[in-house]
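Peer 1: What follows is a structure written as structure tokens; I'll ask about it next.
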Amino acid sequence: MKTIKIQYLNDEIERLRYIDGKSDWIDLRAAETVELKAGEFKLIHLGVAMKLPQGYEAHLVPRSSTFKNFGIIQTNHMGVIDESYCGSSDWWKMPVYAVRDTVINKGDRICQFRITEHQPQIVFEETELSDCSRGGFGSTGVK
């Protein structure tokens, strides 16, 4: 089991935990109330900074209900936070774009993260690939 050093913005931030044993992703909440008009961009403070173990990174993505509930899109689609982003001022934030007027209240769950090891070093070997093909992009259909 890995230990992650974490700093919370203040005592009002709900402490991180796994949600009901449903997943190994951990939800993050807005650390402030944010009002956005359609077309606006904002970095939403998540109220945490962490020191990840050497060789690990965090992948930060919206929750499945974030767009439906709030009408926001994470502008980088998936945030990657590596172990070098670990100082006392390296607060985690979610960059969002609003597609409609919305209010995100302090404490609302808006995104989730998981910790994963860095990709191992790889070498690319140029070759011709075999005829074993899945059919190309979009080949599995819609139903």
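The values are calculated or read from the model by the stated rules, or taken from the named source; none is laboratory data. Everything numeric here is computed off the predicted structure, so don't read it as measured data. Note that we place each Cβ from the backbone using ideal geometry, even for glycine, and neighbour counts take in every protein chain shown. In case anyone asks, the SASA skips ligands and DNA or RNA and just uses the protein heavy atoms, side chains included. Shrake-Rupley method; radii C 1.70, N 1.55, O 1.52, S 1.80 Å.
Peer 1: What number comes out for the charge environment of C111, summing +1 per Lys or Arg and -1 per Asp or Glu over other residues with Cβ under 12 Å away?
Peer 2: Values: positive: R29, R63, K93, R109, R114; negative: D27, D108.
In short, +3.
Peer 1: For the stretch 4-72, build the charge dipole from Cβ charges (+1 Lys, Arg; -1 Asp, Glu) around the Cα centre, then report which of P62, I44, A31 sits farthest towards its positive end.
Peer 2: Most positive-ward Cα: P62.
Peer 1: Taking 7 Å along the Cα-to-C-beta vector as the label spot, tell me the F41-I4 distance in nanometres, rounded to one decimal.
Peer 2: Spacing of the two 7 Å Cα→Cβ label points: 2.7 nm.
Peer 1: Additional query: Running a GNM on the chain with Cα contacts under 10 Å, which residue among V99, V123, V48 ends up with the highest mean-square fluctuation?
Peer 2: Answer for the Gaussian network model of the chain: V123.
Peer 1: Accessible area per residue of the stretch 5-142 at 1.4 Å probe, in Å²? Intermediate results must be reported in sequence, preceding the final value.
Peer 2: Values: 9270 Å² over 138 residues.
Counting only protein heavy atoms, the per-residue value for the stretch 5-142 is 67 Å².
Peer 1: Rounded if a/c is under 1.5, else prolate if a/b is larger than b/c, else oblate: which is the chain, with a ≥ b ≥ c the root eigenvalues of its Cα gyration tensor?
Peer 2: Working: a/c = 2.16, a/b = 1.33, b/c = 1.62.
In terms of gyration-tensor shape, oblate.
Peer 1: Please state the shape class of the stretch 4-81: rounded when a/c is under 1.5, otherwise prolate if a/b exceeds b/c and oblate if not, all from the C-alpha gyration tensor.
Peer 2: It is prolate, given that a/c is not under 1.5 and a/b is the larger ratio.
Peer 1: Once you list every other residue whose beta carbon is under 15 Å from the beta carbon of I72, what net charge do they have if Lys and Arg are +1 and Asp and Glu are -1? Don't skip to the answer; put the middle values down first.
Peer 2: Numbers: positive: R29, K37, K42, R63, K68, K93, R100, R109; negative: E32, E35, E40, D101, D108.
Summing Lys/Arg as +1 and Asp/Glu as -1 gives +3.
Peer 1: Also: Run the accessible area of the chain with a 1.4 Å probe and give the carbon-and-sulfur part as a rounded percent. Kindly include the intermediate steps, with their values, before the conclusion.
Peer 2: On the way: 5020 of 10030 Å².
With neighbouring chains kept in place, the figure for the chain is 50 percent.
Peer 1: Follow-up question, since we're still on this one. Per 0.36 nm of contour for each residue apart, how much would the distance between C86 and T33 grow if the chain were fully extended, relative to their Cα-Cα spacing? Numbers along the way, then the final one.
Peer 2: Working: separation 53, 0.36 × 53 = 19.08 nm, distance 2.48 nm.
Additional length available on full extension: 16.6 nm.
Peer 1: Now for a separate question. Quick one: net charge of I81's neighbours, Cβ under 13 Å, K/R +1, D/E -1? Please report the intermediate quantities before stating the final value.
Peer 2: On the way: positive: K51, K93, R114; negative: E57, D82, E83, D90.
Result for the local shell: -1.
Peer 1: Let me ask another. Quick one: putting +1 on the C-beta of Lys and Arg, -1 on the C-beta of Asp and Glu, what dipole do you get for the chain around its Cα centre, in Debye to the nearest 20?
Peer 2: Details: 18 positive and 20 negative charges, 129 e Å.
Computed about the Cα centre, the dipole is about 620 debye.
Peer 1: To continue, here is another question. Rounded, prolate or oblate: which one fits the stretch 67-143, using the alpha carbon gyration tensor with axes a ≥ b ≥ c (rounded when a/c is under 1.5, else prolate when a/b beats b/c, else oblate)? Provide the component values of the computation, followed by the final result.
Peer 2: Working: a/c = 3.60, a/b = 1.45, b/c = 2.48.
In terms of gyration-tensor shape, oblate.
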